[in-house]
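Trainee: Dropping a structure here in C-alpha coordinates format, bear with me for questions.
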Amino acid sequence: MWLLQLQTFVSDYLTFASDYCIWLWTYGYFGLTDWKPVFLLPVQVFFLVQAKEAFNFWIMGDKCAKVKRNYSMTWRVYGFWFRTATPFYGAMMMLHRFGLQDNEGFNFSEFNWASLCDIILTFYVMVIIKDVCSMLPFHEKMHNEWYHLHKTHHEIGTECAALSSTNIDPLDLIIENLCASVLILAVKWAFGFPVRIHMLSTLLSANLDVNVHSVNPYTSVFFNPVLDYVFRCNIAHNIHHGLNKDNYTFVPTANDA
Ligand SMILES: [Zn+2]
Ligand SMILES: [Zn+2]
(Lines give C-alpha, C1' and ligand atoms only; values in the text may rest on other atoms or scores of the structure.)
(Ligands and ions follow the chains in the order given, each with its own letter.)
Protein backbone atom coordinates (compact mmCIF):
# COMPACT_ATOMS: atom_id res chain seq x y z
CA MET A 1 0.00 0.00 0.00
CA TRP A 2 2.72 2.49 0.98
CA LEU A 3 4.71 1.73 -2.18
CA LEU A 4 1.60 2.38 -4.29
CA GLN A 5 0.96 5.61 -2.39
CA LEU A 6 4.55 6.74 -2.92
CA GLN A 7 4.52 5.86 -6.63
CA THR A 8 1.24 7.76 -7.01
CA PHE A 9 2.58 10.83 -5.20
CA VAL A 10 5.63 10.96 -7.46
CA SER A 11 3.55 10.42 -10.59
CA ASP A 12 0.93 13.04 -9.60
CA TYR A 13 3.48 15.69 -8.65
CA LEU A 14 5.57 15.12 -11.78
CA THR A 15 2.48 15.15 -13.99
CA PHE A 16 1.27 18.41 -12.49
CA ALA A 17 4.73 19.96 -12.96
CA SER A 18 4.66 18.74 -16.59
CA ASP A 19 1.19 20.22 -17.02
CA TYR A 20 2.47 23.60 -15.78
CA CYS A 21 5.53 23.37 -18.04
CA ILE A 22 3.25 22.71 -21.03
CA TRP A 23 1.25 25.82 -20.09
CA LEU A 24 4.42 27.90 -19.68
CA TRP A 25 5.86 26.73 -22.98
CA THR A 26 2.62 27.20 -24.89
CA TYR A 27 1.80 30.62 -23.42
CA GLY A 28 5.46 31.64 -23.64
CA TYR A 29 5.40 30.88 -27.35
CA PHE A 30 2.02 32.37 -28.23
CA GLY A 31 1.37 34.88 -25.42
CA LEU A 32 -1.16 34.77 -22.59
CA THR A 33 -3.95 36.38 -24.60
CA ASP A 34 -3.54 34.47 -27.87
CA TRP A 35 -6.42 32.18 -28.90
CA LYS A 36 -4.21 29.39 -30.35
CA PRO A 37 -3.41 27.76 -26.95
CA VAL A 38 -7.19 27.42 -26.45
CA PHE A 39 -7.15 24.74 -29.16
CA LEU A 40 -3.61 23.44 -28.65
CA LEU A 41 -3.67 22.82 -24.87
CA PRO A 42 -6.60 20.34 -24.89
CA VAL A 43 -4.57 18.12 -27.28
CA GLN A 44 -1.36 18.36 -25.23
CA VAL A 45 -3.05 17.76 -21.86
CA PHE A 46 -5.14 14.90 -23.35
CA PHE A 47 -1.96 12.88 -23.91
CA LEU A 48 -0.58 13.82 -20.47
CA VAL A 49 -3.76 12.69 -18.67
CA GLN A 50 -3.91 9.46 -20.66
CA ALA A 51 -0.22 8.74 -19.98
CA LYS A 52 -0.75 9.17 -16.23
CA GLU A 53 -3.78 6.86 -16.22
CA ALA A 54 -1.79 4.26 -18.19
CA PHE A 55 0.91 4.50 -15.50
CA ASN A 56 -1.78 4.12 -12.80
CA PHE A 57 -3.11 0.94 -14.44
CA TRP A 58 0.46 -0.38 -14.64
CA ILE A 59 1.42 0.23 -11.00
CA MET A 60 -1.93 -1.00 -9.65
CA GLY A 61 -2.23 -4.12 -11.79
CA ASP A 62 -4.89 -6.47 -10.37
CA LYS A 63 -5.50 -4.08 -7.45
CA CYS A 64 -7.31 -1.72 -9.82
CA ALA A 65 -11.08 -2.30 -9.92
CA LYS A 66 -11.99 -4.87 -12.59
CA VAL A 67 -14.76 -2.66 -13.98
CA LYS A 68 -12.17 0.03 -14.71
CA ARG A 69 -9.67 -2.40 -16.24
CA ASN A 70 -12.35 -3.85 -18.53
CA TYR A 71 -13.66 -0.47 -19.68
CA SER A 72 -12.59 0.90 -23.07
CA MET A 73 -12.81 4.63 -23.68
CA THR A 74 -15.37 5.55 -26.33
CA TRP A 75 -15.15 8.21 -29.03
CA ARG A 76 -18.00 9.97 -27.20
CA VAL A 77 -15.78 10.35 -24.09
CA TYR A 78 -12.86 11.55 -26.23
CA GLY A 79 -15.23 14.06 -27.88
CA PHE A 80 -16.37 15.37 -24.50
CA TRP A 81 -12.75 15.97 -23.47
CA PHE A 82 -12.27 18.44 -26.33
CA ARG A 83 -15.81 19.85 -26.01
CA THR A 84 -15.15 20.65 -22.34
CA ALA A 85 -11.43 21.47 -22.29
CA THR A 86 -11.63 23.98 -25.16
CA PRO A 87 -14.14 26.35 -23.46
CA PHE A 88 -12.17 25.94 -20.21
CA TYR A 89 -8.98 27.19 -21.88
CA GLY A 90 -11.08 29.84 -23.64
CA ALA A 91 -12.27 31.08 -20.24
CA MET A 92 -8.63 31.16 -19.07
CA MET A 93 -7.68 33.26 -22.06
CA MET A 94 -10.53 35.71 -21.38
CA LEU A 95 -9.44 36.05 -17.72
CA HIS A 96 -5.95 36.94 -18.99
CA ARG A 97 -7.39 39.44 -21.48
CA PHE A 98 -9.38 41.19 -18.75
CA GLY A 99 -6.30 41.26 -16.48
CA LEU A 100 -7.98 38.99 -13.93
CA GLN A 101 -5.48 36.12 -14.22
CA ASP A 102 -1.69 36.23 -14.47
CA ASN A 103 1.47 34.22 -14.01
CA GLU A 104 3.24 36.72 -11.76
CA GLY A 105 5.56 36.02 -8.86
CA PHE A 106 6.28 32.34 -9.30
CA ASN A 107 8.69 30.65 -11.63
CA PHE A 108 11.24 27.87 -11.46
CA SER A 109 14.31 30.13 -11.50
CA GLU A 110 13.13 32.41 -8.70
CA PHE A 111 11.32 30.52 -5.95
CA ASN A 112 8.96 32.80 -4.09
CA TRP A 113 7.34 31.51 -0.87
CA ALA A 114 4.86 34.39 -0.62
CA SER A 115 3.57 33.74 -4.12
CA LEU A 116 3.45 29.98 -3.54
CA CYS A 117 1.37 30.52 -0.37
CA ASP A 118 -0.94 32.85 -2.29
CA ILE A 119 -1.39 30.22 -5.03
CA ILE A 120 -2.05 27.33 -2.61
CA LEU A 121 -4.29 29.28 -0.22
CA THR A 122 -6.30 30.69 -3.13
CA PHE A 123 -6.71 27.14 -4.46
CA TYR A 124 -7.93 25.85 -1.06
CA VAL A 125 -10.40 28.74 -0.77
CA MET A 126 -11.61 27.91 -4.32
CA VAL A 127 -12.21 24.29 -3.26
CA ILE A 128 -14.26 25.43 -0.25
CA ILE A 129 -16.17 28.02 -2.27
CA LYS A 130 -16.98 25.44 -4.95
CA ASP A 131 -18.33 22.97 -2.39
CA VAL A 132 -20.25 25.54 -0.32
CA CYS A 133 -21.66 27.71 -3.11
CA SER A 134 -22.11 25.16 -5.86
CA MET A 135 -21.92 21.48 -4.94
CA LEU A 136 -23.87 21.67 -1.65
CA PRO A 137 -26.84 23.69 -2.92
CA PHE A 138 -27.00 22.38 -6.51
CA HIS A 139 -25.43 18.93 -6.91
CA GLU A 140 -28.03 17.00 -4.87
CA LYS A 141 -30.80 18.99 -6.57
CA MET A 142 -29.36 17.99 -9.93
CA HIS A 143 -29.72 14.34 -8.91
CA ASN A 144 -33.24 14.62 -7.51
CA GLU A 145 -35.01 17.39 -9.44
CA TRP A 146 -32.91 18.55 -12.39
CA TYR A 147 -31.28 15.28 -13.44
CA HIS A 148 -31.55 16.25 -17.12
CA LEU A 149 -28.79 18.81 -16.41
CA HIS A 150 -26.47 16.24 -14.86
CA LYS A 151 -27.23 12.87 -16.47
CA THR A 152 -24.48 13.19 -19.08
CA HIS A 153 -21.86 13.25 -16.32
CA HIS A 154 -23.31 10.03 -14.87
CA GLU A 155 -23.25 8.10 -18.14
CA ILE A 156 -19.96 6.98 -16.59
CA GLY A 157 -20.39 4.97 -13.38
CA THR A 158 -17.81 2.98 -11.42
CA GLU A 159 -15.69 2.73 -14.59
CA CYS A 160 -14.88 6.45 -14.36
CA ALA A 161 -11.34 7.60 -15.13
CA ALA A 162 -9.52 10.93 -15.29
CA LEU A 163 -10.48 11.55 -18.90
CA SER A 164 -14.19 10.92 -18.31
CA SER A 165 -14.26 13.81 -15.80
CA THR A 166 -15.08 16.03 -18.79
CA ASN A 167 -18.16 13.98 -19.73
CA ILE A 168 -20.38 16.89 -18.77
CA ASP A 169 -22.95 19.24 -20.32
CA PRO A 170 -22.12 22.99 -20.63
CA LEU A 171 -24.50 24.30 -17.94
CA ASP A 172 -23.40 21.58 -15.51
CA LEU A 173 -19.76 22.50 -16.27
CA ILE A 174 -20.41 26.14 -15.37
CA ILE A 175 -22.35 25.30 -12.17
CA GLU A 176 -19.95 22.64 -10.89
CA ASN A 177 -16.55 23.73 -12.15
CA LEU A 178 -16.02 27.06 -13.89
CA CYS A 179 -17.87 29.08 -11.25
CA ALA A 180 -14.94 28.73 -8.80
CA SER A 181 -12.66 31.16 -10.65
CA VAL A 182 -15.40 33.81 -10.86
CA LEU A 183 -16.47 33.38 -7.23
CA ILE A 184 -12.91 33.63 -5.88
CA LEU A 185 -12.51 36.92 -7.76
CA ALA A 186 -15.76 38.16 -6.15
CA VAL A 187 -14.49 37.10 -2.69
CA LYS A 188 -11.17 38.89 -3.27
CA TRP A 189 -13.03 42.03 -4.37
CA ALA A 190 -15.36 41.85 -1.33
CA PHE A 191 -12.43 41.57 1.11
CA GLY A 192 -10.38 44.31 -0.55
CA PHE A 193 -7.69 42.06 -2.10
CA PRO A 194 -6.39 42.66 -5.64
CA VAL A 195 -8.95 41.19 -8.04
CA ARG A 196 -6.67 38.72 -9.81
CA ILE A 197 -5.81 35.06 -9.62
CA HIS A 198 -2.63 33.17 -10.43
CA MET A 199 -3.04 30.72 -13.31
CA LEU A 200 -1.60 27.95 -11.11
CA SER A 201 -4.55 28.27 -8.69
CA THR A 202 -6.93 27.77 -11.61
CA LEU A 203 -4.83 24.88 -12.88
CA LEU A 204 -4.85 23.22 -9.43
CA SER A 205 -8.64 23.61 -9.24
CA ALA A 206 -9.11 22.02 -12.68
CA ASN A 207 -6.63 19.30 -11.75
CA LEU A 208 -8.77 18.42 -8.70
CA ASP A 209 -11.87 18.10 -10.92
CA VAL A 210 -10.01 15.66 -13.16
CA ASN A 211 -8.14 13.69 -10.49
CA VAL A 212 -11.19 12.88 -8.34
CA HIS A 213 -12.24 10.67 -11.29
CA SER A 214 -8.90 8.87 -11.64
CA VAL A 215 -8.73 5.06 -11.64
CA ASN A 216 -6.19 5.28 -8.80
CA PRO A 217 -7.72 5.75 -5.31
CA TYR A 218 -4.38 7.02 -3.95
CA THR A 219 -4.47 10.01 -6.29
CA SER A 220 -3.47 13.40 -4.82
CA VAL A 221 -5.75 16.36 -5.33
CA PHE A 222 -4.60 18.83 -2.65
CA PHE A 223 -0.84 18.41 -3.14
CA ASN A 224 -0.63 18.17 0.62
CA PRO A 225 -0.03 14.56 1.77
CA VAL A 226 -1.86 15.07 5.08
CA LEU A 227 -5.01 16.53 3.49
CA ASP A 228 -4.94 13.92 0.72
CA TYR A 229 -4.60 11.11 3.29
CA VAL A 230 -7.41 12.45 5.49
CA PHE A 231 -9.99 13.34 2.84
CA ARG A 232 -9.39 10.77 0.04
CA CYS A 233 -11.49 12.87 -2.37
CA ASN A 234 -10.93 10.42 -5.24
CA ILE A 235 -12.54 7.55 -3.32
CA ALA A 236 -15.47 9.73 -2.23
CA HIS A 237 -16.20 10.87 -5.80
CA ASN A 238 -15.76 7.38 -7.26
CA ILE A 239 -18.38 6.20 -4.72
CA HIS A 240 -20.63 9.03 -5.93
CA HIS A 241 -20.34 7.71 -9.49
CA GLY A 242 -20.94 4.12 -8.31
CA LEU A 243 -24.06 4.93 -6.28
CA ASN A 244 -25.28 7.80 -8.48
CA LYS A 245 -26.14 9.61 -5.23
CA ASP A 246 -24.50 10.69 -1.93
CA ASN A 247 -21.04 12.31 -1.56
CA TYR A 248 -22.27 15.44 -3.32
CA THR A 249 -19.27 17.60 -2.38
CA PHE A 250 -15.71 17.16 -3.66
CA VAL A 251 -14.35 17.29 -0.11
CA PRO A 252 -16.15 14.54 1.82
CA THR A 253 -18.08 15.48 4.95
CA ALA A 254 -18.84 13.42 8.09
CA ASN A 255 -22.24 12.36 6.65
CA ASP A 256 -20.84 10.92 3.42
CA ALA A 257 -20.90 7.26 2.42
ZN1 LIG B 1 -23.45 13.75 -9.49
ZN1 LIG C 1 -17.87 13.13 -11.43
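Trainee: Listed residues V127, V132; which is β-branched (V, I, T) and within 16 Å of ligand 2 (Cβ to nearest atom)?
Mentor: V127
Trainee: Which condition breaks for P170 when tested against (1) touching a residue at least 24 places away in the same chain (Cβ under 8 Å); (2) surrounded by fewer than 19 Cβ atoms within 10 Å (Cβ to Cβ); (3) away from ligand 2 (no atom under 16 Å from the Cβ)?
Mentor: (3) is the only condition that P170 fails.
Trainee: Could you tell me whether any residue of the range 77-97 is on the phi > 0 side of the Ramachandran plot and either more than 22 Å from the chain's Cα centre (by Cα) or not hydroxyl-bearing (S, T, Y) (or both)?
Mentor: no
Trainee: Please determine whether any residue of the range 214-232 is of a type in the set (S, T, Y), modelled with pLDDT under 95 and under 11 Å from V127 (Cβ atoms).
Mentor: No, that holds for no residue.
Trainee: Kindly establish whether F55 is among the aromatic types (F, W, Y), surrounded by 14 or more Cβ atoms within 10 Å (Cβ to Cβ), farther than 16 Å from E159 by Cα and at pLDDT below 95.
Mentor: For F55, the condition - among the aromatic types (F, W, Y), surrounded by 14 or more Cβ atoms within 10 Å (Cβ to Cβ), farther than 16 Å from E159 by Cα and at pLDDT below 95 - is not met.
Trainee: For the range 117-166, give me the residue count where each residue is within 16 Å of ligand 1 (Cβ to nearest atom) and in contact with a strand residue (DSSP E or B) (Cβ under 9 Å, 6 or more places away or on another chain).
Mentor: Within the range 117-166, residues that are within 16 Å of ligand 1 (Cβ to nearest atom) and in contact with a strand residue (DSSP E or B) (Cβ under 9 Å, 6 or more places away or on another chain) number 0.
Trainee: Looking at the range 23-44, is at least one residue of a type in the set (G, A, S) and closer than 19 Å to L95 by Cα?
Mentor: Scanning the range 23-44, I find at least one residue that is of a type in the set (G, A, S) and closer than 19 Å to L95 by Cα, so the answer is yes.
Trainee: Output the residues belonging to the range 23-58 that are touching a residue at least 60 places away in the same chain (Cβ under 8 Å) and in a helix (DSSP H, G or I).
Mentor: Result: W23, L24, Y27, F46, V49, Q50, K52, E53, N56, F57.
Table: residues versus (1) free of Cβ contacts under 8 Å to residues at least 40 places away in the same chain; (2) within 16 Å of ligand 2 (Cβ to nearest atom); (3) within 20 Å of F55 (Cα to Cα); (4) in a helix (DSSP H, G or I).
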position: E140; (1), (2), (3), (4): no, yes, no, yes
position: I175; (1), (2), (3), (4): no, yes, no, yes
position: S181; (1), (2), (3), (4): no, no, no, yes
position: V195; (1), (2), (3), (4): no, no, no, no
position: L204; (1), (2), (3), (4): no, no, no, yes
position: A236; (1), (2), (3), (4): yes, yes, no, yes
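Trainee: Which of the residues belonging to the range 167-183 are among the polar types (S, T, N, Q) and away from ligand 1 (no atom under 13 Å from the Cβ)? Lay out the reasoning, then the answer.
Mentor: First pass over the range 167-183, keeping only residues among the polar types (S, T, N, Q): 167, 177, 181.
Answer for the range 167-183, where residues must be among the polar types (S, T, N, Q) and away from ligand 1 (no atom under 13 Å from the Cβ): just S181.
Trainee: Still on this structure, I have one more. Please determine whether any residue of the range 145-161 is of a type in the set (S, T, N, Q), within 17 Å of the chain's Cα centre (by Cα), within 16 Å of ligand 2 (Cβ to nearest atom) and in a loop (DSSP other than H, G, I, E, B). Spell out how you get there, then give the answer.
Mentor: Keep residues of the range 145-161 that are of a type in the set (S, T, N, Q), which gives 152, 158.
Now restrict to residues that are within 17 Å of the chain's Cα centre (by Cα): none.
So far as the range 145-161 goes, no, none of its residues is of a type in the set (S, T, N, Q), within 17 Å of the chain's Cα centre (by Cα), within 16 Å of ligand 2 (Cβ to nearest atom) and in a loop (DSSP other than H, G, I, E, B).
Trainee: Specify which of the listed residues (N238, N211, N216, N207) is within 16 Å of ligand 1 (Cβ to nearest atom) and either among the polar types (S, T, N, Q) or closer than 30 Å to H96 by Cα (or both).
Mentor: N238
Trainee: Ok, one more. So is V77 surrounded by 13 or more Cβ atoms within 10 Å (Cβ to Cβ) and in contact with a Phe, Trp or Tyr (Cβ under 9 Å, 6 or more places away or on another chain) or not?
Mentor: When the stated conditions are applied, V77 does not pass them.
Trainee: Checking A186 against (1) under 16 Å from the mean Cα position of the chain (by Cα); (2) away from ligand 2 (no atom under 15 Å from the Cβ), only one condition comes out false. Which one?
Mentor: Going through (1) under 16 Å from the mean Cα position of the chain (by Cα); (2) away from ligand 2 (no atom under 15 Å from the Cβ) one by one, A186 breaks only (1).
The values are calculated or read from the model by the stated rules, or taken from the named source; none is laboratory data. Treat the numbers as computed from the prediction; the structure is a model and nothing was measured. With ideal geometry, Cβ positions are generated from the backbone for all residues, glycine too; neighbour counts draw on all protein chains shown.
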